[in-house]
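Trainee: Structure incoming, see below.
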Amino acid sequence: MTHHAPIEVTPIGVVETAFADPSQAPAQAAENYAERGTLVVFDRFADGLDGLTAGRHIWLVSWLHAQDGDAMDSLHCVPRGGQRPTGVFSTRSPVRPNRIGMSLVRIVSIDGNRVEFEGVDLANGTPVLDIKPWVRGIDTAPG
C-alpha cells in the first residue's frame with residue numbers, strides 16, 4: 001500500500017527560545033545544554049504532561065516551520081564537517097522533504113502547561129507535534 005495524500009498533524013504547543021532564526025540556533029540540542037527554553041503546551045493537551053518530571057529527558061518532535069521553503073532542491077547535502085554530498089536521510093540536516101525535527105532535551109521544571117527544558121536547538125515559535133520520553137535501553141542502540 002502506498003500513501004501519497006498529505007498527512008495533517010496538529011501542534012500540541014510551541015517553544016519559546018532566545019533564537020529568532022533557526023540559523024542562530026545550535027544544530028543539536030546536546031550542543032547547547034547550558035541554554036534553557038520553554039515548551040508551552042496548549043491547554044487542551046496539558047493533561048498529557050502528567051507523569052513527566054524534572055530531570056527526565058524527553059524528545060520534542062517538532063515542525064521546523066522557519067526553514068526556507070525553497071531550500072529542498074536536492075535529496076543530497078553536505079553534512080556538517082563532511083567533505084562530500086550524501087543523501088539527506090543519512091544526515092540530521094533540517095532541510096528535508098518533511099520538516100520534522102527531533103530534539104533530546106532535559107526537563108528542568110513543569111508548571112501547569114509550561115515545561116522549562118535544557119538543550120535548546122529550536123527557533124522561537126517552533127511548533128511541537130509530540131513529546132516522547134527518552135527511555136534507557138530503548139533509545140540506546142544495542143551494544
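Trainee: When you go through Ile58, Ile107, Ile100 one by one, which is the residue that is surrounded by 17 or more Cβ atoms within 10 Å (Cβ to Cβ), without any contact (Cβ under 8 Å) to a residue 60 or more places away in the chain and within 22 Å of Pro11 (Cβ to Cβ)?
Mentor: Ile107
Per-residue answers, yes or no, for (1) among the aromatic types (Phe, Trp, Tyr); (2) touching a His at 6+ places or on another chain (Cβ under 9 Å):
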residue	(1), (2)
Phe19	yes, no
Val40	no, no
Ile58	no, no
His76	no, no
Phe89	yes, no
Val105	no, yes
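Trainee: Got at least one residue in segment 126-143 being in a loop (DSSP other than H, G, I, E, B) and within 26 Å of Asp21 (Cβ to Cβ)?
Mentor: Yes, the conditions are met somewhere in segment 126-143.
Trainee: Which is farther than 19 Å from Arg106 by Cα and surrounded by fewer than 10 Cβ atoms within 10 Å (Cβ to Cβ), of Ala34, Ala5?
Mentor: Only one candidate passes the filter, namely Ala5.
Trainee: Which condition number in (1) buried (at least 16 other Cβ atoms within 10 Å of the Cβ); (2) at pLDDT 80 or above; (3) charged (D, E, K, R) is the one that Arg84 fails?
Mentor: (1)
Trainee: A follow-up question, please. Kindly indicate which of Thr91, Thr126 is modelled with pLDDT under 85, among the β-branched types (Val, Ile, Thr) and buried (at least 17 other Cβ atoms within 10 Å of the Cβ).
Mentor: Thr91
The values are calculated or read from the model by the stated rules, or taken from the named source; none is laboratory data. These numbers were taken from a predicted model, which means no experiment stands behind them. Virtual Cβ from ideal backbone geometry, glycine too; neighbours counted across all protein chains shown.
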